Amino acid sequence: MRYIFFCIFSFTLWMLWSGQYALHHPLVLAMGVLSCGFVVYLVSRLDIVDEEGIQIHLARHLFLYIPWLLWAIIKANIDVAKRILSPKLPIAPRIVRVRGTQKTDLCRVIFANSITLTPGTVSLDLDGEDIVVHALTEEAADDVQSGDMDRRATAMER
Amino acid sequence: MFIAAMIGILVTMALALCRALLGPTVYDRILSVNMFGTKTVLFIAVLEFLTGRPDFLDLALIYVLINFIGTLAVLKFVRYNDLGAEPEE
Amino acid sequence: MIIIDILSWICLILGSILCIIGGLGLLRLPDFYSRLHGGGITDSLGAGLILIGLMFQSGLTMVTVKLAMILIVLFITSPTSTHALGKAALISGLKPVVTDEHID
Amino acid sequence: MTEIADIVLLILMIVLAVAISRMHNLFMAAMMMGIFSFLSAIIFTLLDAVDVAFTEAAVGAGVSTVLLLGTLSLTTREEKVAPKNNALALLVVLITGSALIYGTLDMPMFGDPNAPVHQHVADRYIEKSGEEMGIPNIVTSVLASYRGYDTLGEVTVIFTAGVGVILLLGYIWRKEDEQ
């Protein structure tokens, strides 16, 4: 079932990229189908398709999460850019631990990636429930430790 | 306007190259190579708009993927000194 | 039409300025872990704004779909490789420069 | 308009090439080769050679970096110190370089429409390849059909080289297993 979904997905992608021409040429179309089949075979050998690949219910939460994340990224970008440009270089790098309360691996990955995507904080290591974060400034460290982002990432699991 | 973006990207490339040449540690250099790859993607995208033929964006797409895989391969080499090693965990 | 052009120009110019700032950060910041943040600026908002500016230019065509795909892939892969880089450096024993006492 | 990009990229390339040749740590040199390949891919795109840039993406930035790293993991990371006295080498390089530059003087100017390359078959490729081959990409139809035997030979050579590399590396791994 998962492989059928994956096959349909990769073929849709192939059609998007090179499909306009292929519709009139059965040979090229056959090549596309063959290459999709080959990719699915390779992936099935690697055994990396599991339930995490298909989580439609996440999409609904992502619509709420992504705009908030973008806003956070913009704010953090402006802050870090100011600090880089100012001649005194007012940074205070530090390492802090942040608790990630997510249950599923996927949401943990989304949380850790969001931390990294926000300039000023980079997730360095996963240690049990904690995430080791390198923060460029005190404000950034306080921001990530306040748990706002953690709450929002956890909210996606429901 | 594309020219302004192009010049900006070129300046960033030059800065990344400086860090790659200066970089005291191996990781500094990998970071700047990774950043150089991202800038290549952006440059190709902007260039195709500048020349008025944005049909070859697949090239930029390929570069995003290759850059990611390349960085991971390099990191694996740095970590285990061997490309075929099994992860420890 | 002209509004879209102006929007895309603003995006492109802001994006390239942010890229340059990120490059400066890569050069100015004192140690490796801080430089990761400089790279983060160019990868997140710098690249994103430039690609969005290009999207405004291309309108609703196949090109926009490809640009959006590049943006999505970039937003997923760039933090992953930054994290891998930081973790590899941490495991190898490269000590971060910290100004504060409360480590861990 | 793209001349600025040309000039800047070529300067960056020269800086990088000098830096690579002066580097003694081979791992660093391999990393710099990655940047070099990104730069050359951009220059290929500037010259409208998108297919070549595709190949550079796959081979230059992807495979060759991995191959270099694989080689490094089998050998050492540091270059052996070269002997200092290399006046002869300088002479050879100067003679070869000047001969090559002298050779380029006879070549037609870059992008010259009267160049011999553009005189004979290029028109036919551009006009007819679509209906004759049924493939929209001219480069593909030239490589795979008009010059099919050439390509077959190239592919054979590359395949042989690949098999040779695999055999050589496989030999080393087998020896380690037996120990």
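Kyte-Doolittle cut-off -0.5, length cut-off 24 Å along the helix's own axis using Cα: show which whole DSSP H helices in chain C pass.
Within chain C the helices that satisfy the rule are C:2-28, C:62-91.
Extension gain residue D:160-residue D:143, at 0.36 nm per residue separation less the Cα-Cα distance, in nm?
4.1 nm
As I understand it, the value is the acute angle between the Cα axis of helix B:2-22 and the longest principal axis of the Cα atoms of chain B; what does it come to in degrees, rounded to 10?
Here the helix axis deviates by roughly 30 degrees.
For the range D:1-82, which trypsin sites (Lys or Arg not before Pro) pass both filters: DSSP loop (anything but H, G, I, E, B) and at most 16 other C-beta atoms within 10 Å?
Of the trypsin sites (Lys or Arg not before Pro), the ones in loops of the range D:1-82 whose Cβ has at most 16 other Cβ atoms within 10 Å are D:77, D:80.
Roughly how tilted is helix D:148-178, in degrees to the nearest 10 and between 0 and 90, from the longest Cα axis of chain D?
20 degrees
Using the heavy atoms of the protein chains alone and a 1.4 angstrom probe, what is the accessible area of chain C per residue in square angstrom?
I get 41 Å² per residue for this part.
Over 15 Å, how big is the tail of the calculated P(r) for the range B:2-80, in percent of all Cα pairs?
Of the Cα pairs, 60 percent sit more than 15 Å apart.
Tell me the total accessible area that B and D bury against each other, 1.4 angstrom probe, in square angstrom rounded to 100.
In total, this chain pair buries about 3300 Å².
Leaving out ligands and nucleic acids, and using a 1.4 Å probe, what accessible area per residue does the range D:1-79 come to in Å²?
That works out to 48 Å² for each residue.
Please list, by residue number, every one of the GluC sites (Glu not before Pro) in the range D:50-94 that is coil in DSSP and has at most 12 other beta-carbon atoms within 10 Å.
D:79
Within 10 Å of each Cβ in D:14-25, how many Cβ atoms from other chains are there, averaged over the peptide?
Taking the mean over all residues of the peptide, I get 1.
If you take the C-alpha gyration tensor of the protein assembly as shown, multiply each eigenvalue by 5 and take the square root, what semi-axes do you get, largest first, in whole Å?
One finds semi-axes of 38, 30, 27 Å for the protein assembly as shown.
Using DSSP to define loop residues, name the chymotrypsin sites (Phe, Trp or Tyr not before Pro) in the range D:18-123 whose beta-carbon has at most 15 other beta-carbon atoms within 10 Å.
Sites meeting the loop and neighbour criteria: D:110.
Nearest 10 degrees, 0 to 90: what angle lies between the long axis of helix B:26-50 and the longest principal axis of chain B (Cα atoms)?
20 degrees
Determine the shielding of peptide A:120-129 by partner chains: average, over its residues, the number of Cβ atoms on other chains within 10 angstrom of each Cβ.
What the average comes to for A:120-129 is 4.
Per the 1.4 Å probe, what fraction of the accessible area of the protein assembly as shown, in percent, lies on carbon and sulfur atoms?
In the protein assembly as shown, the share of accessible area belonging to carbon and sulfur is 69 percent.
Would you mind checking which residues have amide H under 5 Å from residue C:97's amide H? H placed 1.01 Å from N; only 5 or more apart, or other chain.
Amide H neighbours of residue C:97: C:33.
The values are calculated or read from the model by the stated rules, or taken from the named source; none is laboratory data. The structure presented is a predicted model; accordingly, all values stated were derived computationally and were not measured. Positions of Cβ are backbone-derived with ideal geometry, glycine not excepted, and every protein chain shown enters the neighbour counts. Each accessible area value is taken on the protein alone, full model and side chains, heavy atoms only, with ligands, DNA and RNA left out. Shrake-Rupley method; radii C 1.70, N 1.55, O 1.52, S 1.80 Å.
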